[in-house]
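Peer 1: For reference, the structure I am asking about is given below.
The values are calculated or read from the model by the stated rules, or taken from the named source; none is laboratory data. Worth saying up front: this structure is predicted, and the values here are computed from it rather than measured. Counting neighbours? That spans all protein chains shown, and the Cβs are built from the backbone with ideal geometry, glycine included. Just the protein is used for accessible areas: all its heavy atoms, side chains included, with ligands, DNA and RNA removed. Shrake-Rupley method; radii C 1.70, N 1.55, O 1.52, S 1.80 Å.
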Amino acid sequence: MRVIGLMSGTSYDAIDAAAADLSLVGDSLVLEPLGLVSEAYDEGLREALGAALPPGTTSMAEVCRLDTGIGQAFAAAAVRADRELCGGRAELAASHGQTVYHWAEDGKVYGTLQLGQPAWIAEATGLPVVADFRPRDIAAGGQGAPLVSLVDLLWLRGRPGTPVALNIGGIANLTAPDGTAFDTGPGCALIDAAARGFSGGRLAYDVDGALAGRGSVHEPLLRRLLAEPYYALPAPKTTGKELFHLGRLRDALAGFGTLSAEDVVATLTALTARTVADAVRAAGATEVIASGGGTRNPVLMTMLGQRLPGVPLRTSDELGLPAAAKEAYAFAVLGFLTAHGLPGTVPSATGARHARVLGSITPGREGLRLPPPAGERPERLVLR
């Protein structure tokens, strides 16, 4: 089955559409990557989305407009992926949507909201669409994240030692082979917020780590940032921009006088490296396989490597899964599992009471035509 996985992370800079040919062979799920296309949000939609995200305020009218605009943007990305990567022969789309709020309090998640109305994708492509993956896990007592942990566990099963999968997006998360998975804290969220804030919106992120590379870590600020109670919470735990946003950074800067943009961004980069490394060491990792946009920040990767002496730090590209596309491929896998009636969660990773089939399905142009239900969930993921 040719599946298009659609993903936009907490950095909300672009929609990634990855196409994969997926098949069940014995106890394996075989994935053949077909490629990735990315579509940036147009500036107006991106600005409206940024204004609505915490700590901003919004209205139900604006939520409705965003749901439509994001759905149409996802639809355009899916049409392009079907045309360019699948030759017009895709059979299913799986859309994560755009997270706008993750309702977490005192270590428990009560709800989550992803916008991007899937009807627009189904109408534009003619494909059935699996969407709204996270709420079912939350209803079953889980955190609703990190859902990519199932793919990590299937993919890295049988690899020697204790391989830890790390994703550094706006928020960073890891998966250990014992099934433990959680958000470690900010990946690039605070770095991006500082880059935008100091540049007056000219920079969306710290390109190539240039700001951090010119700065020095401000140790008192780093200590204040590390005092955030989230880091001490036990796994499973999840977080988002509800906690790690520009307003919280401004609060943390209070009383330090005028710090340069370079020093602030260097300190935030060190914060991400420190909190990720602490989590990796606690997992007893013998290697780290990283993906996500943060892997393209050489200063962050250097800092992380320095804090993990003796632990090889690799990107998922080295194992055949493109780091920039890994999450989009993961949601293609989750959509495939849902279409075949198979659960898409690991209770030890999300904290749910039971594994559940995820998502809601919007029928395609020919009605709802799904494959016959499969028997058992695969035991491993094989890249072809």
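Peer 1: Testing the spin-label approximation: label points 7 Å from Cα along Cα→Cβ at R223 and D178. State their distance in nm.
Peer 2: 3.2 nm
Peer 1: Something else now. From the phi of every residue in segment 206-212, what ³J(HN,Hα) in whole Hz does the Karplus formula 6.51 cos²θ - 1.76 cosθ + 1.60 yield, where θ is phi - 60° and glycine or proline is x?
Peer 2: Per residue, the Karplus-derived 3J(HN,Hα) values read 7, 4, 6, x, 5, 5, 4 Hz.
Peer 1: Output the Cα-based Rg and Dmax of segment 87-223 in Å, rounding Rg to one decimal and Dmax to a whole number.
Peer 2: 18.7, 56
Peer 1: A further question on this structure: Taking the Cα centre of the chain as origin, sum charge times position over the Cβ atoms of Lys and Arg (+1) and Asp and Glu (-1), and report the length of that vector in debye to the nearest 20.
Peer 2: In debye, rounded to 20, the chain gives about 440.
Peer 1: Shifting gears a bit: Over segment 257-384, what relative contact order in percent results from Cα pairs under 8 Å that are six or more residues apart?
Peer 2: Relative CO of segment 257-384 lands at 18 percent.
Peer 1: Taking the chain as a Gaussian network, where each spring joins two C-alpha atoms under 10 Å apart, which residue of T99, T258, T269 fluctuates the most?
Peer 2: Most flexible of the set in this elastic network: T258.
Peer 1: Out of segment 179-246, which trypsin sites (Lys or Arg not before Pro) are coil in DSSP terms and have no more than 15 other C-beta atoms within 10 Å?
Peer 2: Those that pass, being in a loop and sparsely packed, are R202.
Peer 1: If you place +1 on the Cβ of every Lys and Arg, -1 on the Cβ of every Asp and Glu, and leave all else neutral, what size is the dipole of segment 26-132 about its Cα centre, to the nearest 20 Debye?
Peer 2: Computed charge dipole of segment 26-132: roughly 120 debye.
Peer 1: Further question: Per q in 0.15 1/Å, what log10 I(q)/I(0) does a Debye calculation on the alpha-carbon atoms of the chain return?
Peer 2: Values returned for q = 0.15 Å⁻¹ are -1.41.
Peer 1: Can I ask one more? Please calculate how many Å² of accessible area segment 36-188 carries per residue, with a 1.4 Å probe and no DNA, RNA or ligand atoms counted.
Peer 2: Averaged over the residues of segment 36-188, the accessible area is 38 Å².
Peer 1: When DSSP assigns beta bridges and you keep just the ones with both residues in the chain, what percent turn out antiparallel, to the nearest 5?
Peer 2: 65 percent
Peer 1: Report, in degrees rounded to the nearest 10, the 0 to 90 angle that the Cα long axis of helix 43-52 makes with the longest principal axis of the chain.
Peer 2: It works out to around 70 degrees.
Peer 1: Further question on the same structure: Pick from G367, G187, G170: which is most flexible by mean-square fluctuation in a GNM of the chain where alpha carbon atoms under 10 Å apart are linked?
Peer 2: G367
Peer 1: Under the rule of at least 5 residues apart or a separate chain, name every residue whose amide H is placed under 5 Å from the amide H of L34.
Peer 2: A19, A20, D21
Peer 1: If you don't mind, another one. Between segment 74-102 and segment 112-190, what is the C-alpha centre distance in whole Å?
Peer 2: Answer, in whole Å: 17.
Peer 1: Report, by chain and number, residues whose modeled amide H sits under 5 Å from the one on F244, excluding near sequence neighbours (fewer than 5 apart, same chain).
Peer 2: Counting only residues 5 or more places away or on other chains, the set is empty.
Peer 1: Quick check: pseudo-label points 7 Å beyond the Cα along Cα→Cβ at T68 and L368, how many nm apart are they?
Peer 2: Distance between label points: 2.6 nm.
Peer 1: Right, another one. Using θ = phi - 60° and the Karplus relation 6.51 cos²θ - 1.76 cosθ + 1.60, list the HN-Hα couplings for segment 322-332 in order, rounded to whole Hz, with x at every Gly or Pro.
Peer 2: Values, residue by residue: x, 4, 6, 10, 4, 5, 5, 5, 4, 6, 4 Hz.
Peer 1: Multiply the residue separation of T57 and A232 by 0.36 nm, subtract the distance between their alpha-carbon atoms, and state the gained length in nm to one decimal.
Peer 2: Fully extending the segment from T57 to A232 adds 60.1 nm.
Peer 1: If exposed GluC sites (Glu not before Pro) are those in a DSSP loop with at most 13 other Cβ within 10 Å, what is the longest stretch of the chain that has none?
Peer 2: Looking at the chain, 1-365 is the longest stretch - no exposed GluC sites (Glu not before Pro) with at most 13 other Cβ atoms within 10 Å.
Peer 1: In deg cm²/dmol and to the nearest 500, what is the mean residue ellipticity at 222 nm of the chain if only DSSP H runs of at least 4 residues count, each as -39500 (n - 2.57), divided by the residue total?
Peer 2: Taken over the chain, the calculation gives -11000 deg cm²/dmol.
Peer 1: Count neighbours as other Cβ atoms within 10 Å of each site's Cβ, and list the chymotrypsin sites (Phe, Trp or Tyr not before Pro) in segment 1-90 that are DSSP loop with at most 16 such neighbours.
Peer 2: none
Peer 1: Here's a follow-up. State, as an integer percentage, the relative contact order of the chain based on alpha-carbon contacts under 8 Å between residues 6 or more apart.
Peer 2: Worked out over the chain, it gives 24 percent.
Peer 1: Between D106 and R353, what is the spin-label point distance in nm, taking each point 7 Å from the Cα along the Cα→C-beta axis?
Peer 2: In this crude spin-label approximation the distance works out to 2.0 nm.
Peer 1: Determine the share of segment 30-105's accessible area contributed by carbon and sulfur atoms, expressed in whole percent, with a 1.4 angstrom probe.
Peer 2: The computed percentage sits at 53.
Peer 1: Treating the beta-carbon of each Lys and Arg as +1 and of each Asp and Glu as -1, no other charges, what is the dipole magnitude of segment 193-265 about its Cα centre, to the nearest 20 debye?
Peer 2: Roughly 180 debye, rounded to the nearest 20.
Peer 1: Using 0.36 nm times the number of residues separating E379 and S28, minus their current alpha carbon distance, what extension gain do you get?
Peer 2: 125.8 nm
Peer 1: Can I ask one more? Roughly to the nearest percent, how much of the accessible area of segment 167-227 is carbon and sulfur, given a 1.4 Å probe?
Peer 2: Carbon and sulfur: 52 percent of the exposed surface of segment 167-227.
Peer 1: Measuring with a 1.4 Å probe in the full set of protein chains, what accessible area per residue, in whole Å², belongs to segment 289-343?
Peer 2: Solvent-accessible surface per residue comes out at 32 Å².
Peer 1: Using the Karplus curve 6.51 cos²θ - 1.76 cosθ + 1.60 with θ = phi - 60°, what ³J(HN,Hα) values do you get for each residue of segment 81-89, in whole Hz, with x for Gly and Pro?
Peer 2: Couplings: 5, 4, 5, 8, 10, 10, x, x, 10 Hz.
Peer 1: Turning to a different aspect of this structure: Between segment 244-299 and segment 314-384, what is the C-alpha centre distance in whole Å?
Peer 2: The two parts, judged by their Cα centres, are 30 Å apart.
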